[in-house]
Amino acid sequence: VSAQPAVSVRGNVGAAFFQSPEFPNTVLNSGVDLGIETGVEVYDGLEVVLQGNFDRFTQNGDTYALLRNTDTDVSVEEEVEGGALNVLNGTVGLRYTLKNQSDAHPYVAGGVGLYRITFAETRDPQGDDLEELSPTKRGFHVAVGANFQIDETYGVFFEPRYIVINTDGSDLRTRTTTRYVTVRLGVEVQF
């Protein structure tokens with residue numbers, strides 16, 4: 001008789017903080033993070049994890065104009081209204097949770113995936129949509145966290161995560177990778 005592997009589902013909300021490239025860091029600052037993931041335990045404490053995540057960095061007309069023209073000396077004449085820089089991703093990875101006698105279980109995680117960066121909900125005064133899409137890029141994340149068990153089924157977790165997206169110089173008018181940090185708080189349900 002073989003035991004069925006443990007399956008967990010996690011949902012989270014959190015804050016996101018732009019770290020790089022240097023110029024977007026000065027104009028985008030903070031954002032929000034939403035995600036859902038499922039994990040299947042393949043060995044004692046080791047899980048294979050599939051995840052979908054959405055990060056949003058709100059901007060105003062001034063920051064949008066600066067982002068669009070970082071590679072030129074010409075100022076933007078058009079005015080834009082609001083908007084956001086969105087990062088949508090799907091990843092696959094591993095998470096190792098240290099099993100112990102307490103209700104707090106520390107873990108480390110990492111994964112690779114596909115990331116899409118978009119400028120969304122940004123309009124000029126004539127009402128034209130100024131949305132820009134980036135090609136889908138590969139990226140990775142590393143994280144440390146702690147899972148606090150409420151009972152055998154439910155738990156809450158806290159996780160700082162570092163995300164790196166390889167932009168090849170085509171996103172955000174930069175010549176470097178896009179990097180940012182999220183701080184996630186969520187609920188885990190084990191089946």
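A few comments on the model shown:
- For region 35-50, 3J(HN,Hα) computed residue by residue from phi via the Karplus equation (6.51, -1.76, 1.60; θ = phi - 60°) reads x, 9, 8, 9, x, 10, 6, 9, 7, 3, x, 9, 10, 8, 10, 10 Hz, glycine and proline entered as x.
- Local electrostatic count at Ile36 - Lys and Arg +1, Asp and Glu -1, tallied over other residues with Cβ under 12 Å: -1
- For the set Lys99, Lys137, solvent exposure ranked by accessible area (probe 1.4 Å, protein chains only) runs largest to smallest as Lys99, Lys137.
- Taking amide H as placed 1.01 Å from N in the peptide plane, Gly155 has its amide H under 5 Å from the amide H of Ile150, Glu188, each at least 5 places away in sequence or on another chain.
- Length gained on full extension, Arg138 to Phe17, computed as 0.36 nm times the residue gap minus the Cα-Cα distance: 41.6 nm.
- For Thr177, distant residues with modelled amide H under 5 Å away: Thr167
- A probe of 1.4 angstrom, applied to the heavy atoms of all protein chains, finds Ile117 with accessible area near 10 square angstrom.
The values are calculated or read from the model by the stated rules, or taken from the named source; none is laboratory data. From a predicted model like this one, the values you see are computed outputs, not experimental measurements. All Cβ positions, even for glycine, are placed from backbone atoms using ideal geometry, and neighbour counts span all protein chains on display. Note: areas computed on protein heavy atoms with side chains; ligands, DNA, RNA excluded. Shrake-Rupley method; radii C 1.70, N 1.55, O 1.52, S 1.80 Å.
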